[in-house]
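Colleague: Can you read through this structure? Questions will come right after.
The values are calculated or read from the model by the stated rules, or taken from the named source; none is laboratory data. Source: prediction; values computed, not measured. A quick note on method: Cβ atoms are made from the backbone with ideal geometry, for glycine too, and the neighbour counts reach across all protein chains shown.
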Amino acid sequence: MAIAAGWIIVLLLAGGFALDRTLTNLVEANFDDQLDYMLTAMIASAEIGPDGEVYFNRPLGDQRFLEPNSGLYWQISGEGHDDFPSRSLWDRSLRPSGNHADNDTHIYDSDQFPGEPLRMAERSVILPGSDTLWWFKVAASREELDFQIARIRSILVWSFAVLGLGLFAMAVLQSWIGLGPLRRVRAAIQNLRTTGASRIVEPLPSEVQPLVEEVNALLAHSEQQAEEARTHAGNLAHALKTPLTVVTNAATARAPDLSDTVIREARTMQRHVEHHLARARAVGRRAAGHARTGVCESAEAVRRAVEMLHPEARIDVAGNRQAHVGIERQDLDEILGNLIENAAKYGGGSVFVTIDAEEGSGPCVIWVEDDGAGIPPADRTHIFDRGARLDTGKPGTGLGLAIVRDVAQIYGGDVALGESEDLGGLLVRLSLPRAD
């Protein structure tokens, strides 16, 4: 409203100044036209008498020329001749503007009469029958002209003041009415907080309906995150319940293998905690903003780390090195780290990583292949369960593929298992959303 008031004032001042100059010029032009008409009438009525003096062959029509100090005067002057003034001048005379000839009418302001500013029109003419350059002058008091200009300006000031107040009142009313739907949205949101409702269901104007839809989407997203948090907390509590019960029973019974039981169940609880922490970190990083990570950089970093742990394995990374996915770097490292390390650990020594294996405009597909024994089709579904392991002869927690699946799904991706045609072992098909 303050900005609107400022612009209204600026525009009205500019418009008022322009209109004032236009109307003032029109009034002055009309006043000058009247003086020019009188001057032309004087010249048309002037003649040279037998004595060489100028005279009028017919009287001028305006009676103010006959009234002393009426505010309208005329005078004819010529070098070597006495001035021929109007009766209204009485004992005064009009001085010319300078020693020069004005073939066209010259109009100007004069202050030669104290307390009575004049508007004068003059012209120099050589009349027939005379060699003298005669000066014809008509003067009128500016009092009437200044009164008309002052009246116009007064009307403009009051009119523009009323117009400005009206425009500001309309701006205030427009803002109040225009922001009315937002006040209704605020009341609806307040109703959500006080009544415990989950959505804004009140019908609102179409202007704010997109805002309402975004608020409802935000509420749904918050509910989903809260539900995920409750689910994770419940899953973690359920996963820790059994190991804690085993440890409690062993401690109560003073079992001879208590230390081994505590160590074994503590490792189980640690695996569950790590799994849920990985999911929680992925959810938090996904909510922080839109991510963009280069697949090749992450794969090369994981390859170097895995080769240090398994120097006997040969890991090749190929494919589209410009591919980027919409996932945080830490989460992509964790996914590829689990897949590549499993391939190096359980394979025969050769691991192929193909980036963007199925080129297109869809998601970015990453293949991780090894030359190991693979996984039978019947076991490819439950192998993603937490703690599921097919080869118990090698160290591990059984949570690698579960973490891969959960983190990928958090970002809208997916993971599937198959058989490698080139190496004959396991093929892991990782699908992740492509970054813009």
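Colleague: Filter region 324-336 down to residues that are surrounded by fewer than 20 Cβ atoms within 10 Å (Cβ to Cβ) and modelled with pLDDT of 90 or more, then give me how many there are.
Modeller: Residues that pass the stated criteria total 1.
Colleague: Separate question: Kindly provide the set of residues from region 180-199 that are of a type outside the set (Val, Ile, Thr) and outside any loop (DSSP other than H, G, I, E, B), ordered by number.
Modeller: As a first pass, look at region 180-199 and keep what is of a type outside the set (Val, Ile, Thr): 180-184, 186-188, 190-193, 196-199.
Correct list: 180, 181, 182, 183, 184, 186, 187, 188, 190, 191, 192, 193.
Colleague: Within region 193-207, identify whether any single residue is surrounded by 14 or more Cβ atoms within 10 Å (Cβ to Cβ) and in contact (Cβ under 8 Å) with a residue 24 or more places away in the chain, and answer yes or no.
Modeller: Within region 193-207 (the criterion being surrounded by 14 or more Cβ atoms within 10 Å (Cβ to Cβ) and in contact (Cβ under 8 Å) with a residue 24 or more places away in the chain), the answer is no, since none of the residues qualifies.
Colleague: Quick one: residue 2 ticks every box in (1) at pLDDT 90 or above; (2) more than 21 Å from residue 143 (Cα to Cα); (3) under 55 Å from the mean Cα position of the chain (by Cα) bar one, so which box is it?
Modeller: Just one mismatch for residue 2, condition (1).
Colleague: Oh, and also: Name the single residue that is farthest from residue 119 (Cα to Cα) among those in region 58-96 being touching a residue at least 60 places away in the same chain (Cβ under 8 Å) and of a type outside the set (S, T, N, Q).
Modeller: Of region 58-96, the ones touching a residue at least 60 places away in the same chain (Cβ under 8 Å) are 71-77.
When the remaining residues are screened for being of a type outside the set (S, T, N, Q), the result is 71-74, 76.
Numbers: 71: 10, 72: 10, 73: 10, 74: 12, 76: 16 Å.
The selected residue is 76.
Residue by residue, here is whether (1) part of a helix (DSSP H, G or I); (2) free of Cβ contacts under 8 Å to residues at least 12 places away in the same chain; (3) out of contact with any strand residue (DSSP E or B) (no Cβ under 9 Å at 6 or more places or on another chain) holds:
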residue: 305; (1), (2), (3): yes, no, yes
residue: 308; (1), (2), (3): yes, yes, yes
residue: 311; (1), (2), (3): no, yes, yes
residue: 317; (1), (2), (3): no, no, no
residue: 327; (1), (2), (3): no, no, no
residue: 336; (1), (2), (3): yes, no, no
residue: 339; (1), (2), (3): yes, no, no
residue: 351; (1), (2), (3): no, no, no
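To keep it simple, each residue is scored yes or no on (1) surrounded by fewer than 17 Cβ atoms within 10 Å (Cβ to Cβ); (2) in the same structural domain as residue 78 (by TED's automatic domain parsing).
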residue	(1), (2)
121	no, yes
124	no, yes
129	yes, yes
137	no, yes
154	yes, no
160	no, no
168	yes, no
175	yes, no
180	yes, no
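Colleague: Only one residue in 175, 130, 154, 159 is in contact (Cβ under 8 Å) with a residue 40 or more places away in the chain, hydroxyl-bearing (Ser, Thr, Tyr) and part of a helix (DSSP H, G or I), so which one is that?
Modeller: Details: 130 fails: part of a helix (DSSP H, G or I); 154 fails: in contact (Cβ under 8 Å) with a residue 40 or more places away in the chain; 159 fails: in contact (Cβ under 8 Å) with a residue 40 or more places away in the chain.
Criteria check complete, one pass: 175.
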